[in-house]
1. Can you name every residue in the range 186-210 that is open to solvent by 70 Å² or more (accessible area, probe 1.4 Å), more than 22 Å from Gln167 (Cα to Cα) and either in a helix (DSSP H, G or I) or at pLDDT below 80 (or both)?
2. Being modelled with pLDDT of 85 or more, open to solvent by 10 Å² or more (accessible area, probe 1.4 Å) and in a helix (DSSP H, G or I) is the filter here, so list the residues in the range 336-358 that pass it.
3. Counting only residues that are of a type outside the set (A, V, I, L, M, F, W, C) and at pLDDT below 75, which one in the range 257-270 is farthest from Asn212 (Cα to Cα)?
4. Identify the single condition in (1) over 26 Å from the mean Cα position of the chain (by Cα); (2) at pLDDT below 90; (3) open to solvent by 10 Å² or more (accessible area, probe 1.4 Å) that Glu379 does not satisfy, given that it satisfies every other one.
5. Just to be sure I understand, how many residues within the range 448-491 are among the charged types (D, E, K, R) and modelled with pLDDT of 85 or more?
6. Output the number of the condition that Arg563 fails; it satisfies all remaining conditions of (1) at pLDDT 60 or above; (2) closer than 23 Å to Glu480 by Cβ; (3) assigned to a helix (DSSP H, G or I); (4) touching a helix residue (DSSP H, G or I) at 6+ places or on another chain (Cβ under 6 Å).
7. Is it fair to say Ala128 is at pLDDT 80 or above, under 26 Å from Ala28 (Cβ atoms), under 26 Å from the mean Cα position of the chain (by Cα) and part of a helix (DSSP H, G or I)?
8. Could you please find all residues in the range 325-334 being part of a helix (DSSP H, G or I) and either open to solvent by 10 Å² or more (accessible area, probe 1.4 Å) or touching a Lys or Arg at 6+ places or on another chain (Cβ under 7 Å) (or both)?
Amino acid sequence: MHHSVLFELFLILTAAIIAVPIAHKLRANSIIGFLIGGFFIGPFGFGLISEREDISTVAELGVVFLLFMIGLELSRERLRVIGGRFAALGLFQILVSMLALLGLMIVMEFALPTALVIAGALALSSTAIILKQLSDDRQLNTRFGRAALAILLLQDVAVGPFLIMVQAAGDAGTETSPWISILLGFGAVALLLLVGRYLLPRLFRYIASLKNPELFAIGTLFVVLAASTLTEVSGLSMALGAFIAGVMLAETEFRHQIEADIAPFRGVFLSLFFMSVGMSVNVDVVYNEFGTIMTWLVLLLVIKTAVLFVLARAIKFETGSAIRVALSLAAGGEFAFVMFALAAQNGAVPLDIAAMLIPVVAISMALTPTLISLGHKIEEKLHPKEEDQLGKISEESEGIHQHVLVIGSGRVGRVLARLLKTRNIPFLVLDSDAQQVSRGRAEGLPVYFADGSRPETFRAAHTDEAKIAVVAMGNPHATEKTVALLRQHYPHLKIFARAQDITHIGPLSRHGADAAIPEVLETGLRLSDHVLAACDVPQEDIDAEIAKFRRADMLLMNELAPRMQRKQASGDAKGSGTKDSATKDKS
């Protein structure tokens, strides 16, 4: 049935308005709602739209905006959360999963370019579904959450090379060598990065100086489409250009404003793209190839779960945590749809194979929340529940008062705990990392497994009776959140916090810390002591220089901590006021 483009858009939006709320009620992600809605109005559902070519251009814009937003999230600030071990976990997850899937497809006699594209697409997970689930469950700041975030960020970084791989695989049957295509692709990307690094920031500073919000939004759309057009003209995909534009703009001061401006366009075009994917689900293929689809689904989940479990154990995750990471990231992701759509267009993947694999990815994504929940339950069975520990904390610390509450039992927290123990000062230590808890317990320290950023944890640790709270967590954002909660609920507490560096002191002070100590300061001073001594500098000169440096650094810290100064000034004024009133009373 043929309709005008506007009427087809009306049908698509109507289906989205109906399908997405139903998906939410079923506790499924919006993407699943779009896919289902697209299927029902498509040629293999009720047939309301039979010619998808009419909206293919708009659907391609959805891919462009998806890749632009992925690139925009890859700022150095976000990539900084990836530690060395987690980076290795993310990188090896992609490589080993690809190798395992590639080997399977070679045995099944797939052509090598086709097998590479399919393996790359299936190796990735759903950033949208997993991060939303972790955020809803308040798990992003846990060790498990940081590992999942690191893997997903590494997968996002892999998007650029994968797009070039899809393009090269499509060119594999032409006269041009695929290796030449890859080299040309990387050359075009390098040129775009070079131009973007010097021109984009200047362009946006000029637009911002005009103070016209509409022009700013237009400028963003212009950059996205211009970069996409450049890569398309170079023989690459439009999506790759959008991704590179996002990566470059992520390093500018305008990133947050761009995200806000692009969000409405992104939502509309993404919904159109996923609805378009839903329309391409051929019910005849699903019916005729049901056994094959289920086999691929099981193989995908088993292979990725096994790979992730082995790699997580290799970086010292406990068994339950490794199972949870593996199950949470085992399913496919939304970028697989992008890769299959592009690969089907340029011939890298046959249409019938792409039609069979799209339901595999869609079903696995629908199972993602269930897999995350299952992994959590398995971890809780193998390791103690935090809720169970809260009762234990409250019971074992009954009667404690004027104690020090230490949140975080890493290298900083354990040093402090040992010193408190030698002076017989009462204290409790909380940590959400089971391995750190076990290590602290082995040293005879009162370390408990609990999320140190939740009000119920504070109550269990009798924080209302505490004298001092020390936030020694390694995650800067979690530290700020914990300091703010402590200050909000326990204004009497003296709060000392571990700062990441000098620049972190100000935010911590504004959130309520009485003092924030940079973790690198004393390490640097002690190291300098040894180096200067080895350079034959007299010890008294070394001590004088270090004392001078420490005084200068303390002055800088006080400038960066206005709250502490105000509090001290207020305390001094209050104290002098008390003395004056006492003097008046005596007189």
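The values are calculated or read from the model by the stated rules, or taken from the named source; none is laboratory data. Just so we're clear, the structure is a prediction, and the values are computed from it rather than from any experiment. Ideal geometry is used to build each Cβ from the backbone, glycine not excepted, and the neighbour counts take in all protein chains shown. Side chains included, ligands, DNA and RNA excluded: accessible areas come from the protein's heavy atoms. Shrake-Rupley method; radii C 1.70, N 1.55, O 1.52, S 1.80 Å.
1. So the first thing to find is which residues in the range 186-210 are open to solvent by 70 Å² or more (accessible area, probe 1.4 Å), and the list is 186, 191, 193-194, 197-199, 202, 205-206, 209-210.
Now drop any that are not more than 22 Å from Gln167 (Cα to Cα), which leaves 197-199, 202, 205-206, 209-210.
Selection gives Arg197, Tyr198, Leu199, Arg202, Arg205, Tyr206, Ser209.
2. Ala344, Leu351, Asp352, Ile353, Ala355, Met356, Ile358, listed by residue number.
3. Narrowing the range 257-270 to residues of a type outside the set (A, V, I, L, M, F, W, C): 257, 259, 261, 264, 266-267.
Still in the running and at pLDDT below 75: 264, 266-267.
Working: Pro264: 18, Arg266: 21, Gly267: 23 Å.
Here the answer is Gly267.
4. (1)
5. Step one: list which residues in the range 448-491 are among the charged types (D, E, K, R), which gives 451, 454, 456, 459, 464-465, 467, 480-481, 487.
Of the ones still in play, those that are also modelled with pLDDT of 85 or more are 464-465, 467, 480-481, 487.
Qualifying residue count for the region: 6.
6. The failed condition is (1).
7. Criteria not met by Ala128.
8. Residues of the range 325-334 that are part of a helix (DSSP H, G or I), as a first pass: 325-328, 334.
Residues satisfying the conditions are Leu327, Glu334.
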